[in-house]
Amino acid sequence: MSYVDQVLASVKEKNAHEPEFLQTTTEVLNSLRGVLERHPEYQKAKLLERLVEPERIVSFRVPWVDDKGEYQINRGYRVQFNSAIGPYKGGLRFHPSVNQGILKFLGFEQIFKNSLTGLPIGGGKGGSDFDPKGKSDDEVMRFCQSFMTELYRHIGPDCDVPAGDIGVGGREIGYLYGQYKRITGEYSGVLTGKGLTYGGSLARTQATGYGVVYLANEILTHKGKSFQGQKVVVSGSGNVAIYAAEKAISLGATVIAMCDSNGYIYDKDGVDISVIQDIKEVRRARIKEYIKARPSAEYHEGFQGIWSVPCDIVLPCATQNEIDLDAAKSLLKNGCWMVCEGANMPSTLEAMDAFIEAGILFVPSKAANAGGVAVSALEMSQNSLRLSWSFEDVDQRLQNIMKDIYKSMSSAAAEYGKTPEDYVSGANVAAFLKVANAMMAQGLV
Ligand code: GLU
């Protein structure tokens, strides 16, 4: 049995109840076979066995009181996965689906994504099964304060720097930051995605979505194509989806469909992003409200229907495994020729294989959505310098980082991939080599 197969078998045995973690480890390790053949020293150093085991997982109780005066108990976590190239870095997710397996998958992905940014950040992830949907601001605040009252002892600006993810945006980061400062008495860059008045970075809000489109655009440019005139489907309607759609539109695309977990909207004239922003960011309402502002658009119950909308390019920006094999088949049948992933691991392994088999352009999330965490790292730099860079400066750095990701991903694809456009292998190999090198240099830790 090959080294990769041995490690995968043991990962499956030890983590049988964590399907998403098994999915990401299977995808990543499978694409490292060529590298491991060339580097027998990695096997001797048990590098893969170490890589798949988080350095530390903290799990804790989060008690809080709701508006009715009832006590509520949630579970909180922080997975500190790998610190070979920098302090743990990665978001916090608040969603009822959160469990240790989901956070291990996200933390594992984060190691490689953060490596691809070229910046000194290790991989981590955290969160809670708390559902911010339908909660009042006060309830969210009380929850965040309780969550941080435990988390603060495990994080720090040079040790672990959390940020947002699904269910954690500017409001939540503000409450978490306030409580961290109150407990420790320190004004440090311990969280990113902060508000602009208290240490946040310009362009962080836009960074993940813009980065997705910058990378897609870089690939299109190398193929003599562009976003101009393309029909684009953007799934989701949160932070990543909104700014990916906005940037695609500014480059001449028509975004014809978006969704939330209840259903999708189809607007043949092109989605008006300011309406989506008002519904989602200001009113925190459901996407079906869109047709009140744009009566010519359609709303359909059930988000899965979005995959039957014919389009050129798909930017899946909602959540993991939102595209299954049937969705992939329907997209391909309707002529979709590019998928650039904004959410973390939005395609199942089967869907990914179908896209690759069909030979369309497929850009995996750990490369495509790295712009968010990259600008988080720039926020850390600005906090350390006690400086604040202009929007244009940060945006330019983001564009350069996405171009560099394209270069490292495509050169690794050319060397190790099944084809020169095998960006899945390219991203995994390029990201792995940097982390592996650092781990080897640091000895058995
Ligand atoms: N949650 C985002 C991600 O998946 C951002 C993490 C960060 O900024 O630390 O990469």
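Of note:
- For segment 185-272, the solvent-accessible area with a 1.4 angstrom probe is 34 square angstrom per residue.
- Of all DSSP beta bridges in the chain, antiparallel share, percent nearest 5: 55
- Counted by Cβ distance under 9 Å from Val212, the other residues give a net charge of 0, where Lys and Arg count +1 and Asp and Glu count -1.
- Cα centroid separation - segment 377-436 against segment 86-115, whole Å: 18
- Between segment 150-164 and segment 260-297, the alpha-carbon center distance in angstrom: 35
- For Tyr187, Tyr42, the ranking by accessible surface with the largest value first comes to Tyr187, Tyr42, using a 1.4 Å probe.
- Cross-link table Lys89/Lys418; Lys407/Lys434; Lys225/Lys418; Lys288/Lys329; Lys231/Lys268, entries beyond 21 Å C-alpha to C-alpha: Lys89/Lys418; Lys225/Lys418; Lys288/Lys329
- Carbon + sulfur, % of accessible area of the chain - ligands and nucleic acids excluded, 1.4 Å: 50
- Cross-link partners for Lys12 among the aspartates and glutamates, with Cα-Cα distance under 16 Å and sequence neighbours closer than 8 places in the same chain left out: Glu20, Glu27, Glu49, Glu53.
- For Phe108, the accessible area of its heavy atoms, probed at 1.4 Å with every protein chain present, is near 0 square angstrom.
- A straight chain from Ser10 to Asp158 at 0.36 nm per residue would run longer than the Cα-Cα distance by 50.0 nm.
- Segment 382-445 - accessible surface per residue (Å², probe 1.4 Å): 52
- Shape of segment 373-445, Cα gyration tensor, a/c cut at 1.5: oblate
- Over all projection directions, the Cα-based convex hull of segment 1-130 averages an area of 9.0 nm².
- Of the GluC sites (Glu not before Pro) found in segment 1-81, the ones in coil according to DSSP and having at most 13 other Cβ atoms within 10 Å of their Cβ are Glu70.
- Segment 131-189: C-alpha gyration tensor shape, a/c 1.5 cut-off, then a/b vs b/c: prolate
- Residues of the chain were split at every exposed loop site, defined as trypsin sites (Lys or Arg not before Pro) in a DSSP loop with at most 14 other C-beta atoms within 10 angstrom, and the longest piece left, sites excluded, is 285-385.
- Protein-only accessible surface order, largest first, of Ser411, Ser10 at 1.4 Å: Ser411, Ser10
- Cα centroid separation, segment 333-366 to segment 2-34 (Å): 20
- Quarter the surface of the alpha carbon convex hull of the chain and you get the mean projected area, 20.6 square nanometres.
- Anisotropy class of segment 279-386 from Cα gyration tensor, a/c 1.5 cut: oblate
The values are calculated or read from the model by the stated rules, or taken from the named source; none is laboratory data. What you see is a predicted model; the values in this text were computed from it and never measured. Note that we place each Cβ from the backbone using ideal geometry, even for glycine, and neighbour counts take in every protein chain shown. These accessible areas exclude ligands, DNA and RNA; they are computed on the full protein's heavy atoms, side chains included. Shrake-Rupley method; radii C 1.70, N 1.55, O 1.52, S 1.80 Å.
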